[in-house]
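The values are calculated or read from the model by the stated rules, or taken from the named source; none is laboratory data. Bear in mind the structure is a predicted one, so any value in this text is a computation, not a measurement. Note that we place each Cβ from the backbone using ideal geometry, even for glycine, and neighbour counts take in every protein chain shown. Calculation scope for accessible area: heavy atoms of the full protein, side chains included, ligands and nucleic acids excluded. Shrake-Rupley method; radii C 1.70, N 1.55, O 1.52, S 1.80 Å.
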Amino acid sequence: MTVTIFGSLKMDYKYLFGPVPSRRLGISLGIDLVTPKICSYNCIYCECGKTTCLTVNRKEFVPAEIVIKELDDFLSKNPKIDYITFAGSGEPTLNSGIGKIAVFLKEKYPQYKTALLTNGSLLGDNDVLNDCKDIDLVVPSLDAALEKSFFKIDRPHHSLKIDAIIDGIAKFRTNFSGKMWLEIFLVPGINDKEEEIEALNRAILKINPDKVQVNILDRPGTVDWIRRPDDDELKNFASKILHSNVEITGKPADRDTIASFSGDIKQKILETIKRRPCTPDDLSKILGLHQNEINKYLGYLVENNEIVESAEERGIFYKVKQKN
């Protein structure tokens, strides 16, 4: 997997990606602890595609010792990053080695903050709590607090129930000394109804996070009917969330001013799709970049009207925008 280091490329990391500009975390070095696409959910909005292994069984899907070696090599160069983030192709807490990696980072590189982006489904597990206690920031998602909408948006493993997940996140919060930001992904027509918002507010009160973040569709998801809310829908939804610190996640800072954002990679993506339209997965395989990183560059290029998205049978394809 390619890792970008201040405009140059290093090709020998398999489980690290980025650093990438994140809307929530600034400059983030990603750690991918599962192989595509292992998760306990099959969310309709996931940029990484459909879940192919839907599971709640934890094991060391990616070897912790190899991840630690990669981190040690990368961090020994003193990169300027805001967070080291457990994220990637699926649910990070499914990897039973996450605790070893978190302890290594806390002990050897305490100057770097760590974050966990999780769907929250396993946070009630005592082993997960113990494994993640050394992480600085945990960002669980809670897209719905009613069972019907939970299954429609997140399409979880059959053993998971939303009330138990909410109780689990609340239990984790009580026993966790770091920060917690609770993420809600807004899906117009499903979780923006009054009864849905009331249920979410009850859950937020129980969990008591430091912040609530409302997130929206950035790249196309796994179903074609999901849509991005307009500004009025987004502001109206956020205004009804009963918490003292509610944030609508926006675009990251101008990526052209960020050292880790590589013009070389941007150009390689443009040159590749000039030859033929590609999906994010196509680009990931061709360029040797993690799909999460590819998505950041695609987002930039779409925002700047350099490329366009096209829904086709095999997925979302990206094409260079034709000049008039």
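One table, with the values for the structure above:
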| quantity | calculated |
| --- | --- |
| Cys residues of the chain counted as unpaired, since no other Cys beta-carbon is under 4.7 Å | 39, 48, 53, 132, 278 |
| Under 16 Å from residue 211, Cα to Cα: aspartates and glutamates that are on another chain or at least 8 residues apart | 136, 143, 183, 247 |
| Solvent exposure of region 174-222 as accessible area per residue, Å², 1.4 Å probe | 40 |
| Part-to-part distance (alpha-carbon centres) for region 19-38 and region 183-199, which is given in Å | 26 |
| Carbon + sulfur, % of accessible area of the chain - ligands and nucleic acids excluded, 1.4 Å | 48 |
| Extension gain (nm, one decimal) between residue 306 and residue 227, 0.36 nm per residue minus Cα-Cα | 26.3 nm |
| Label-to-label distance, nm, for residues given as residue 60 and residue 163 (7 Å Cα→Cβ offset) | 3.8 |
| Non-local Lys pairs in region 73-159, i.e. 8 or more apart or on different chains, that have alpha carbons under 23 Å apart | 13 |
| Hits among aspartates and glutamates - C-alpha to C-alpha of residue 268 under 20 Å, sequence gap 8 or more where chains match | 12, 254, 256, 281, 282, 293, 303, 306, 309 |
